[in-house]
Amino acid sequence: MSAAKNTVIGVFVVIGLLCLAYLTIKLGRMEVLGDNGYTVTARFSSVAGLRTGASVEIAGVSIGRVSAIRLDTSDYTAHVDLRINEGVPLSEDVMASVKTSGLIGDKYIAITPGGSETLLEPGSLITDTEPALDLEALIGKVVFGGV
Amino acid sequence: MNEIITPVLNLLNRMGEMALFLFEGFRQTWHSRRLPGKVLRQVYVIGAKSMFVILLIGLFTGLVLGLQAFYAMSMFGAQGMLGSLLALTLIREMAPVLTAIMIAARAGSAMTAEIGVMRISDQIDALEVMDINPVGYLVTPRLLSSLVAFPLLTSIFTVVGIFGGYLSACVLLGLNEGRYFSGIESSVTLDDVQGCCLKAAVFAVIVITVCCFQGYNAHRRSDGKGAEAVGNATTSAVVMSCVLILMADYVLTSFLL
């Protein structure tokens, strides 16, 4: 095979791999150099609409993402694993709430910082939480009274 | 009764033969000699030579998607969702399917014609006489190289399509580019990219199997002899590839979603 052909193949493969890398790393958010961070779990009475990969925010700034959502069958609450970036310490009295971006936007977890000096250990449980706002129930209350 | 049973049996026969053909194509990976060079050659034929056309249709797919989605979503004032809509449409559906159909039309038809001509001019029998396995010689390099070329072309398609959407929605229609790109980044997950590559790989196997099989069996066609058979084989290879791609796309999507 001629050298020109090899060059064309090389160009093709390089461009293809660059595009694939852009998709996986930039858009797919694949952690290339290992995932530096820690996981805490939050217990919610309901996380309706939340899905894994949703962002975790403090003051509107993304500090991590939801890594897993599972049901605790002992008391039927939702346990949500939050992967928090390294360098973002959380105090033990933080409050986690499920919020919606916009009226019909995606659900995300908003963390309200606490005031305690003690920091949250990796793997510990946040019990002070606020479940997803049930918009339909709220509208029902307004329409049919009861507010 | 026979009029019904015979075609059904023939069809089943054909499907079985094609499955065995595919299996043999992969099995010959371990028996074929000087495989890397042949694979590289096919990466050039299937991948590098298709790159320009993929760039072109990727760009225009993105452009038209951006245009359509912008007008559809401005009805609800939801232009901010345009980026995520466009990127998810491209990554999950358009890029793998259109790339596969385009390669089936470009490289697949050439493949069928090439192998078909080899068949009707007895070159494949000559290979057998020389104790060279024709499947290992003709099909295996194409199968392996397509598994490299299809996912790469699909990702090129996606990235160019996202750029095309940026051109039409942001540059021409004035959507905020920050909203466009943050919409894309917030909605695309690694699962989508993996699904995209999986689809591309499955379509690669489908296109190569169908196109090689049709060419390989050009001499057994009932609708023509010689050159006519090669022409008909090429037509049915492209048509069958496209139909199977879209059918497989439905099945894959229902598994991936």
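Since every read-out is calculated from the coordinates, none of them should be taken as a lab result. The model shown is predicted, which means the values in this text are computed figures rather than measured ones. With ideal geometry, Cβ positions are generated from the backbone for all residues, glycine too; neighbour counts draw on all protein chains shown.
For chain B, what are the DSSP H helices with axial Cα length of 27 Å or more and mean Kyte-Doolittle hydropathy of at least 1.6? Going by DSSP H runs, the hits are B:51-74.
Here is the P(r) of the protein assembly as shown: all C-alpha pair distances, binned every 20 Å from 0, give 22, 43, 27, 8, 0 in whole percents. The coefficient of translational diffusion for the range B:183-250, derived via Stokes-Einstein from the alpha carbon Kirkwood radius under 25 °C and 0.890 mPa s, stands at 178 µm²/s. Label the range B:1-79 by shape, choosing from rounded, prolate and oblate, from the square roots a ≥ b ≥ c of the eigenvalues of the Cα gyration tensor; if a/c is under 1.5 it is rounded, and otherwise prolate applies when a/b is larger than b/c, oblate when it is not. Oblate, since a/c reaches 1.5 and b/c is not below a/b. Only the Cβ atoms of Lys and Arg (+1) and of Asp and Glu (-1) were treated as charged; on that basis the dipole of the range B:157-238 about its Cα centre amounts to roughly 380 debye.
Legend: mean number of C-beta atoms from other chains within 10 angstrom of residue C-beta atoms, peptide B:146-154, equals 3. Remark: mean inter-chain Cβ contacts per residue of B:183-189 equal 5, using a 10 Å Cβ-Cβ cutoff to other protein chain atoms. Residues A:HIS79, B:HIS31, ranked from the fewest to the most other C-beta atoms within 10 Å, line up as B:HIS31, A:HIS79. Between B:ASN13, B:ASN217, B:ASN176, the GNM of chain B built on Cα springs shorter than 10 angstrom shows B:ASN13 fluctuating the most. Counting neighbouring beta carbons within 10 Å and listing from fewest to most, the residues B:LEU86, A:LEU119 come out as A:LEU119, B:LEU86. Peptides B:64-71, A:53-60 ranked from most to least packed, by the mean per-residue count of other Cβ atoms within 10 Å: B:64-71, A:53-60. Among B:GLY25, B:GLY80, B:GLY62, the largest mean-square fluctuation in a Gaussian network model of chain B, built with springs joining Cα atoms closer than 10 Å, belongs to B:GLY80. Note on chain A: percent of Cα-Cα distances in each 10 Å bin, starting at 0 and stopping at the bin with the largest distance, equals 10, 31, 26, 15, 9, 6, 3, 0, 0. Residues whose amide H lies under 5 Å from that of A:GLU130, counting only those 5 or more places away or on a different chain, are A:ALA96, A:SER97, A:VAL98; hydrogens are built 1.01 Å from N in the peptide plane. Here the label points at A:SER46 and B:MET130, each 7 Å from Cα along the C-beta direction, are separated by 7.3 nm in the simple model.
Working from label points 7 Å from Cα in the Cα-to-Cβ sense, the B:PHE52 to B:ASN10 distance is 4.1 nm.
Just list whichever of A:LYS99/A:LYS141; B:LYS199/B:LYS225; A:LYS26/B:LYS199; A:LYS26/B:LYS38; A:LYS26/A:LYS107 have alpha carbons separated by over 24 Å in the model shown.
B:LYS199/B:LYS225; A:LYS26/B:LYS38
A simple rule links phi to the HN-Hα coupling: the Karplus curve 6.51 cos²θ - 1.76 cosθ + 1.60 with θ = phi - 60°, which for the range A:60-67 gives x, 9, 6, 10, x, 8, 6, 9 Hz, with x for Gly and Pro.
Axis angle, to the nearest 10 degrees, between helix A:3-21 and the longest C-alpha principal axis of chain A: 0 degrees.
Could you give the size of the charge dipole of chain B about its Cα centre, using +1 on the Cβ of each K and R and -1 on the Cβ of each D and E, expressed in debye and rounded to the nearest 20?
Values: 16 positive and 16 negative charges, 83 e Å.
The calculation lands at about 400 debye.
Where Rh is the Kirkwood radius over the Cα pairs of the range B:165-214, the temperature 37 °C and the viscosity 0.692 mPa s, what D in µm²/s does Stokes-Einstein return? For these conditions, the coefficient is 243 µm²/s.
Against chain A, whose longest principal axis is taken from its Cα atoms, helix A:135-144 shows a tilt of about 40°. Take chain B, connect every pair of alpha-carbon atoms lying under 10 Å apart with a spring to form a Gaussian network, then pick out the residue of B:ARG41, B:ARG142, B:ARG14 with the largest mean-square fluctuation. Comparing B:ARG41, B:ARG142, B:ARG14 in a Gaussian network model of chain B, the most mobile one is B:ARG14.
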